[in-house]
Ligand SMILES: NC(=O)c1ccc[n+]([C@@H]2O[C@H](COP(=O)([O-])OP(=O)(O)OC[C@H]3O[C@@H](n4cnc5c(N)ncnc54)[C@H](OP(=O)(O)O)[C@@H]3O)[C@@H](O)[C@H]2O)c1
């Protein structure tokens, strides 16, 4: 069991926290408005959950989940994230984030941009391809025939191993898509983004196994 810090505790962060607590992990939540605004969420999650500032959540986590709008990247607490295994759930969307020139072209993935703001972190892209309601409903124990898979990308083998173990503990297998530079294969709008788990109108989602995720990744174009 590990302590998982959260920078961002909204739809996807809150769902990962819920699955993590159910799996026996400790979670430390944070957001932009301060720990007192997370009192209801902490009460709902129970004794394995606490709230803190973003810097404290980053320092506390054996794994830290960064799950914020891309516009928040410049405001992340870089010092306590150095040397940490960090999960990046974030998607770039100009309609929400405004246009970021480096990300409008094909020269840089959003995870590579994030890594510039948190140097020294072992960054792993994960969870960005699944709607938060599907993430909650499709979690299955290891060995289940209908276990779903999630693509992950990262440059650090040890960080990927830690994230693979964490994701397995909360109910999913992983498909390794390669380094952060290749994480465009799982970015917004690609075949593996959302579609394998069914439409958001079906809140239960549809299980997507390893073969389905590999097939979707193989058809990605840039
Ligand atoms: N929703 C999904 O199904 C889904 C699925 C996959 C990936 N994603 C991606 O994951 C990221 C989070 O999505 P979401 O839907 O969870 O968003 P959300 O519900 O809007 O939550 C965003 C969280 O980020 C926090 N935040 C914003 N700026 C911050 C800062 N400077 N420091 C610390 N925390 C900050 C917010 O805190 P305050 O509320 O206090 O501002 C909030 O807790 C986005 O990049 C999104 O594209 C979303």
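The values are calculated or read from the model by the stated rules, or taken from the named source; none is laboratory data. Keep in mind that what you see is a predicted model, and the values were worked out from it rather than measured. Cβ: placed from backbone, ideal geometry, glycine included. Neighbour counts: every protein chain shown.
Scan region 82-99 for residues that are more than 8 Å from the ligand (Cβ to nearest atom) and either within 26 Å of residue 165 (Cα to Cα) or without any contact (Cβ under 8 Å) to a residue 24 or more places away in the chain (or both) and jot them down. Result: 82, 83, 84, 85, 86, 87, 88, 94, 95, 99. Quickly run through region 1-17 and pick out the residues that are away from the ligand (no atom under 13 Å from the Cβ) and either assigned to a loop (DSSP other than H, G, I, E, B) or at pLDDT below 95 (or both). Those that are away from the ligand (no atom under 13 Å from the Cβ) and either assigned to a loop (DSSP other than H, G, I, E, B) or at pLDDT below 95 (or both): 1, 2. Residue count for region 182-202, restricted to those that are surrounded by 13 or more Cβ atoms within 10 Å (Cβ to Cβ) and part of a loop (DSSP other than H, G, I, E, B): 9. Would you be able to say whether some residue in region 48-55 is surrounded by fewer than 17 Cβ atoms within 10 Å (Cβ to Cβ), more than 12 Å from the chain's Cα centre (by Cα) and within 13 Å of the ligand (Cβ to nearest atom)? Yes, there is a match, as at least one residue in region 48-55 is surrounded by fewer than 17 Cβ atoms within 10 Å (Cβ to Cβ), more than 12 Å from the chain's Cα centre (by Cα) and within 13 Å of the ligand (Cβ to nearest atom). The residues listed here are 79, 39, 58, 20; of these, the one that is crowded, with 19+ Cβ neighbours inside 10 Å, at pLDDT 95 or above and either farther than 21 Å from residue 127 by Cβ or away from the ligand (no atom under 11 Å from the Cβ) (or both) is 20. In region 31-49, the residues that are over 14 Å from residue 16 (Cα atoms) reach residues that are within 13 Å of the ligand (Cβ to nearest atom) and part of a strand (DSSP E or B) with C-beta atoms within less than 8 angstrom, at least six apart or across chains, in these pairs: 35/29; 35/51; 36/51; 38/29; 38/51; 39/51.
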